[in-house]
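Here is the structure we will look at, set down as structure tokens.
The values are calculated or read from the model by the stated rules, or taken from the named source; none is laboratory data. Note that the structure is a prediction, hence the values are computed from the model and not measured. Cβ: placed from backbone, ideal geometry, glycine included. Neighbour counts: every protein chain shown. For accessibility, only protein heavy atoms count, side chains too; no ligands or nucleic acids. Shrake-Rupley method; radii C 1.70, N 1.55, O 1.52, S 1.80 Å.
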Amino acid sequence: MTIAKSSQPDLKTLPDHTQLPDSDGTFVKNFQEHPQSIVLTDSLQPILERLHPDQHYAIGQDCGIYWRITDPPERGAECLDWFYVPNVPPTLEGQLRRSYVLWQEWIPPLIALEFVSGDGSEERDRTPLDRTSETRQKPGKFWVYEQIIRPAFYGIYEVQNAQVEVYHLVENRYELVSANERGHYSIPQLGVELGIWQGRYGNMVLPWLRWWDSQGNLLLTGDERAKRAELALEEERQRGEQREQELQEERQRAEQREQELQEERQRAERLAQLLRSQGINPDEL
């Protein structure tokens with residue numbers, strides 16, 4: 001690929017998302033990555049619906065962000081496991097994005113997350129871009145995120161250790177964010193917290209990277225919300241049945257009391273008749 005010599009390249013000549021590769025041909029590192037991305041996206045939907053009534057946002061899952069022109073093109077991209085970009089249209093000219101191209105979109109992600117299967121050294125690599133070297137060594141991921149792509153928050157989730165580090169971009173540098181009293185990391189722009197949740201998602205019981213609201217309530221996926229609603233309906237039905245049983249028992253007790261009162265009146269009437277037959281007025285007793 002030929003790079004324009006001008007320091008101000010014509011954007012019309014730069015490739016867009018339809019012209020750039022949308023895969024680097026590598027395997028997903030583990031079976032948790034795809035469901036992990038889905039649980040993050042799915043559970044965040046109610047928040048996004050509230051923040052973006054116009055639906056203008058993008059979420060990338062195992063998707064590339066292009067930040068420079070290289071040959072081959074893939075060397076100028078970083079493949080993020082999950083990222084969210086606010087205030088961009090859901091499609092470009094009616095087409096789904098094949099990748100996120102910074103020189104085409106301009107708006108950086110608010111948060112970018114990496115799911116680490118190894119020791120995280122690749123995701124913490126701060127090696128800068130060497131523009132003078134003939135080898136054109138690829139810079140480290142951390143450096144690219146901090147200096148070029150610049151998401152406001154960058155999270156490194158170590159799957160094996162079930163721990164997450166979150167960095168916040170402050171004055172052009174990433175600062176490590178401290179966990180709150182719940183062990184979560186606040187993302188104020190979304191009004192959520194990020195943390196580790198141990199439990200079942202799908203058919204796997206694992207530590208999962210999840211969202212909570214600012215009060216510490218776990219944000220549920222669509223299936224979890226449906227199951228909770230179903231459980232609530234079942235509990236309401238059982239309470240209704242219990243109440244109906246209690247009312248039935250109360251009616252039975254009332255009927256029994258009425259029967260006892262009726263029998264008492266009948267005994268009193270028979271006694272009164274007996275007294276009258278013997279010339280005694282029961283009303284005078």
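Charges were assigned to the Cβ only: +1 to each Lys and Arg, -1 to each Asp and Glu. The resulting dipole of the stretch 88-238 about its Cα centre is roughly 320 debye. Taking the longest Cα principal axis of the chain as reference, the axis of helix 33-51 is set at about 70 degrees. Peptide packing for 172-178, 185-191, 244-250 was compared via the average number of neighbouring C-beta atoms within 10 Å per residue; ordered from the highest value, the list is 185-191, 172-178, 244-250. The phi torsions of the stretch 113-127, fed into the Karplus equation with coefficients 6.51, -1.76 and 1.60 and a -60° offset, translate into couplings of 10, 10, 9, 9, 8, x, 8, x, 5, 5, 6, 9, 6, 9, 4 Hz, rounded to whole numbers, with Gly and Pro shown as x. Fully extending the segment from Leu169 to Arg68, taken as 0.36 nm per residue of separation minus the present Cα-Cα distance, adds 34.3 nm. Just the protein heavy atoms count here, and of the accessible area of the chain at 1.4 Å, carbon and sulfur take up 50 percent. Protein-only accessible surface at a 1.4 angstrom probe places the residues His34, His168, His52 in the order His34, His168, His52, largest first.
Placing dummy labels 7 Å off each Cα toward the beta-carbon, the span from Ala268 to Trp143 is 10.2 nm.
Computing percent of Cα pairs over 26 Å apart directly from the structure and comparing it against (i) 58; (ii) 54; (iii) 42 singles out (i). Note that the stretch 98-190 presents 51 Å² accessible area per residue, ligands and nucleic acids not counted, probe 1.4 Å.
Distance between the modelled labels on Gln160 and Ala229, one decimal in nanometres: 4.2 nm (7 Å Cα→Cβ projection).
Dipole magnitude for the chain: computed about the Cα centre from +1 point charges on Lys and Arg Cβ and -1 point charges on Asp and Glu Cβ, it is near 680 debye.
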